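The structure under discussion appears below in the form of structure tokens.
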């Protein structure tokens, strides 16, 4: 399902180029947002008070809007007024402009979270999109056309996992005293018997994490009953939560999935999932997972993942 969000974060060349590299982003257009009137151009922004912004069309079956907003906060200074990098002026202000109330609430959640974590006021506009004017053609895909062009952003942030979990050492894994079957599955690519996992017909709301590293992997909101005998999901909770590998065992080709940080074996992903959610079926060994209920996420250090749950955000 295609949805749209508009983000202002300083010079729009870099913001566009950054999100073009994110999985699930379908299209980007740079333009001028939330100024006075529906006509402006690059040279009149100080008069019309528009912000340089990027219109982002994304596939919500691949990427959650919470991830888009979380990644946005990684590339801006949320405490700076009318300035990002070397760019100064009202046109370079930060802003999240939405088309629907759900996106608005996710944006407010992250704004509140960043303010609380840093004990500072977050200087970001959160407004309904209005008066968006597509920028001149030479601004579109600027850094693709001009690879050495100016950019104030650090693209290496795309390589940093969104999860705050850390890879466990061999000694740390031993100290967990996990059962042999779980270790065989995660470390030696074994498979549990179908219909034996406690998570197969499990319907509580919360977060599924890697049993060893505790990195976030799947949301209960993406879980479905595939009838295959193993817990099944339509996508990872974030686009960087899962690693993918070709698996040619048993004389057939499958795609193995592993946790991104610990690189534990989880299961396989197939193309026979529900069509209305993208067609993916992540067939996962329940013994590779732990579960954290929604109401315990904050206490367990997973506060930011509340934004990934509709049940929480719709009441925020």
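The values are calculated or read from the model by the stated rules, or taken from the named source; none is laboratory data. Bear in mind the structure is a predicted one, so any value in this text is a computation, not a measurement. All Cβ positions, glycine included, derive from the backbone under ideal geometry; neighbour counts span all protein chains shown.
Which residues, counting only those in region 237-268, are surrounded by fewer than 19 Cβ atoms within 10 Å (Cβ to Cβ) and either within 14 Å of residue 211 (Cα to Cα) or in contact with a helix residue (DSSP H, G or I) (Cβ under 6 Å, 6 or more places away or on another chain) (or both)?
263
Could you check how many residues of region 209-228 are surrounded by 15 or more Cβ atoms within 10 Å (Cβ to Cβ) and on the phi > 0 side of the Ramachandran plot?
Going through region 209-228 one residue at a time, the tally reaches 1.
Give me a count of the residues in region 229-257 that are in a loop (DSSP other than H, G, I, E, B) and either within 13 Å of residue 163 (Cβ to Cβ) or under 15 Å from the mean Cα position of the chain (by Cα) (or both).
8
Would you check if there is a residue in region 57-71 being farther than 28 Å from residue 279 by Cα and buried (at least 17 other Cβ atoms within 10 Å of the Cβ)?
No, that holds for no residue.
Scan region 62-73 and tell me whether some residue there is within 16 Å of residue 84 (Cβ to Cβ) and over 17 Å from the mean Cα position of the chain (by Cα).
no
Residues that are in contact (Cβ under 8 Å) with a residue 24 or more places away in the chain, in the same structural domain as residue 271 (by TED's automatic domain parsing) and more than 21 Å from the chain's Cα centre (by Cα): find the helices (runs of 4 or more DSSP H) completely inside region 126-228 holding 2 or more of those.
Correct list: 180-188.
Any idea how many residues of region 258-296 are touching a strand residue (DSSP E or B) at 6+ places or on another chain (Cβ under 7 Å), in a loop (DSSP other than H, G, I, E, B) and within 27 Å of residue 170 (Cα to Cα)?
Total meeting the criteria: 5.
What are the residue pairs meeting all of these: first residue in region 235-249, first residue without any contact (Cβ under 8 Å) to a residue 24 or more places away in the chain, second residue assigned to a strand (DSSP E or B), Cβ atoms under 6 Å, and 6 or more apart or on different chains?
As it stands, the answer is 243/258; 245/256; 247/254; 247/256, since those pairs meet every condition given.
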